[in-house]
Amino acid sequence: MRILDDASGSALKSITIYLTPAEAVELAGYCEQLADDPVQWHHSHLSEIEGDRVTREITVAVYVDENLDQFDERSRRLIESGE
């Protein structure tokens, strides 16, 4: 498992995510899709939208050797070294 703070580019050790039941179901569906075919669907977004802008977002990615080239340089470094 790797956790990246997109805003700072820092690797994190732990996070807490609070979801409504509907959001948990939606996220579980995304995770199932990612696990079934991580090469095609290497990441997904669970977004909260207010008006015309995203106010909060969780990005979930599944990495395997076959899809590492689909990630940006910072993400690959985190995946490969944990930092």
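Normalising the average separation of contacting C-alpha pairs (under 8 angstrom, six or more residues apart) by the number of residues puts the relative contact order of the stretch 3-81 at 23 percent.
Going from the fewest other Cβ atoms within 10 Å to the most, the residues Thr59, Thr16 appear in the order Thr16, Thr59.
Listed values [x] 13.5, 39; [y] 15.0, 48; [z] 12.8, 41 include one computed from this model; for Rg and Dmax of the Cα atoms in Å that value carries the label [x]. Between helix 21-36 and the chain, what is the angle of the helix's C-alpha long axis to the longest principal axis, kept within 0 to 90° and rounded to the nearest 10? The angle comes out near 30 degrees.
Phi angles of the stretch 40-51 translate, via the Karplus equation with coefficients 6.51, -1.76, 1.60 and θ = phi - 60°, into HN-Hα couplings of 6, 10, 6, 8, 8, 10, 9, 10, 10, 10, 10, x Hz per residue; Gly and Pro are given as x. Backbone phi angles across the stretch 62-79, fed through the Karplus curve with coefficients 6.51, -1.76 and 1.60 (θ = phi - 60°), yield HN-Hα couplings of 10, 10, 9, 3, 6, 10, 4, 5, 7, 9, 6, 4, 4, 5, 4, 4, 5, 4 Hz in residue order; Gly and Pro are listed as x. Note on Ala28/Glu73: beta-carbon distance plugged into 1/(1 + (r/R0)^6) with R0 of 25 Å gives a FRET efficiency of 0.25.
FYI, it's all coordinate maths here, none of it is from the lab. Here the structure is a predicted model, which is why all the values come from computation and not from measurement. We place every Cβ from the backbone using ideal geometry, glycine too, and count neighbours over all the protein chains shown.
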